[in-house]
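Notes follow once the structure below has been shown.
Please treat every number below as a calculation from the coordinates, not as lab data. Remember, it's a predicted structure, so these values are computed and weren't measured experimentally. With ideal geometry, Cβ positions are generated from the backbone for all residues, glycine too; neighbour counts draw on all protein chains shown.
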Amino acid sequence: MDLDGSVYFIDNDVQQRALAIPDSMDAIEDAYRAWDAGQATIGPKSNMYIHNDDDTRYGFSIIHGGVKDFGIVAMRIKSDFHNNAFDRRQIPEGQSAPTSASKGAGRQGKFCGLVYLFSSRDGSPLAILNDGYLQHVRVGACAGVAAKYLARQNAHTLGLLGSQWMARTHAPAMCAARPITRIHVYSPNRENREAFAREMSSKLGIEIQAVDTPEAAVRGADIVSCCTNSFRRSVLQGEWLEPGSFVTNVLASELDDTAMSRIDYTVKNQPLRDLAAYSFEAGSPPEGVERPSEGSGWMRQVNDRTPLLSEVIAGKARSRTNDDEITFFSNNEGTGVQFAAMGRVILSRLQKEGDPGVKSIPMDWFLQDIPN
């Protein structure tokens with residue numbers, strides 16, 4: 001890609017103008033088809049933690065991947081300061097456990113994550129992007145691709161649990177995948193769910209109703225998308241699911257055991273890895289670290305034998321076989337090729353249409369004369 005000797009810095013505002021959900025779904029589908037054919041590659045996600053003496057911790061993670069035909073390799077990095085370590089410790093009896101993570105960077109309400117894009121054709125840097133908007137789009141778009149293969153053809157109702165960023169990308173993705181005519185949304189904060197209903201109804205041109213319970217959002221829904229930050233407590237109870245529904249998640253903890261037992265067919269996003277093998281720690285973590293194991297919770301349905309979404313797209317694994325089975329797309333960790341796919345969409349759009357918000361950095365600042 002000819003960037004006129006510059007490296008782009010592309011912030012979240014520019015991305016919201018350049019990154020359309022349908023284009024993102026097409027790019028992810030192409031990337032996954034290439035991945036299955038051996039024409040794309042991903043590296044394992046790597047996590048590093050430094051545990052501080054005051055029960056805080058620092059987290060640094062990397063995920064990367066590339067697609068040959070795109071000519072792009074992407075690397076996403078995150079730098080997080082966790083204000084407490086409750087997600088890795090046992091809560092004393094009698095104390096209520098927080099259900100969502102508390103993290104940030106620099107100061108309250110700020111976050112640090114960047115995506116670097118490189119050319120696989122000459123090795124040069126192409127762009128640096130904030131990862132906030134892109135992160136939510138790639139998760140929602142991937143779930144939308146899964147819906148194309150796993151949701152009933154006549155699915156027209158969507159139940160959303162959650163009303164923040166993930167819900168705002170899942171809703172248009174499901175509408176792109178199936179002829180959705182009605183959405184019921186629930187989140188614990190009434191103001192948030194009602195704002196979501198107003199704003200997204202206007203944007204999507206369909207009926208969206210904010211409801212008062214998670215059950216009301218799920219009952220009768222053809223598609224159910226869990227889009228919460230509830231990392232300790234399940235939000236979807238299995239008895240609410242309708243026969244023939246399609247379910248997606250963003251966190252492993254969102255579905256309860258009954259939901260997992262009712263699912264007839266599961267597809268996963270990427271191969272399971274021993275996450276502990278790619279986690280590196282300094283300092284002493286709090287006691288009571290719990291790690292998932294096959295046979296417990298969501299791992300009962302997601303294991304090494306579970307087909308990949310890329311295999312379903314390529315026709316090597318089946319999709320839905322009838323209108324009665326409950327299908328589930330387990331979004332078990334992201335893939336680096338998703339970021340390469342999003343990067344391709346953004347760069348292609350900007351090269352065609354431009355955007356005054358794009359900042360150009362001299363390419364020479366990133367290149368050097370000394371071999372490395």
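A simple count of charges around ALA167, restricted to other residues whose Cβ falls under 12 Å of its Cβ and scoring Lys, Arg +1 and Asp, Glu -1, yields +1.
Springs between alpha-carbon atoms under 10 Å, Gaussian network over the chain: tell me which of MET342, MET174, MET75 tops the mean-square fluctuations. Largest GNM mean-square fluctuation: MET75. Across the chain, the longest piece that holds none of the GluC sites (Glu not before Pro) lying in DSSP loops with up to 15 other C-beta atoms within 10 Å covers 94-286.
Within the chain, antiparallel bridges make up roughly 55 percent of the DSSP beta bridges whose residues both belong there. Along the Cα→Cβ direction, 7 angstrom out, place labels at ASP369 and LYS68. What is the inter-label distance in nm? The modelled label-to-label distance comes out at 3.7 nm. Each of ASP212 and ASP122 was given a label point 7 Å from its Cα along the Cα-to-Cβ line. The distance between the two points is 6.3 nm. Taking a ≥ b ≥ c as the square roots of the eigenvalues of the Cα gyration tensor, the range 151-245 is classed as oblate, since a/c reaches at least 1.5 and a/b does not exceed b/c. P(r) for the range 209-248: what percent of alpha-carbon pairs falls in each 10 Å bin, starting at zero? Final binned percentages: 29, 58, 13. As a rough footprinting exposure proxy, the listed residues ILE42, ILE77 were ranked by other beta carbons within 10 Å of their own, and the order from fewest upward is ILE77, ILE42. So which of LYS78/LYS110; LYS45/LYS316; LYS148/LYS316; LYS203/LYS352; LYS45/LYS78; LYS78/LYS103 end up more than 18 Å apart, counting from Cα to Cα? Those over the limit are LYS45/LYS316; LYS203/LYS352. The value of relative contact order for the chain, using C-alpha pairs under 8 Å at least six residues apart, is 25 percent. Both radii were evaluated on the Cα set of the chain; the Rg over Rh quotient, with Rh as the Kirkwood radius, amounts to 0.96. Ordered from longest to shortest, the equivalent ellipsoid semi-axes for the range 1-77 are 29, 19, 14 Å, each the square root of 5 times a Cα gyration tensor eigenvalue.
For the range 317-370 and the range 1-50, write down the distance between their C-alpha centroids in whole Å. Cα centroid to Cα centroid, the span is 2 Å.
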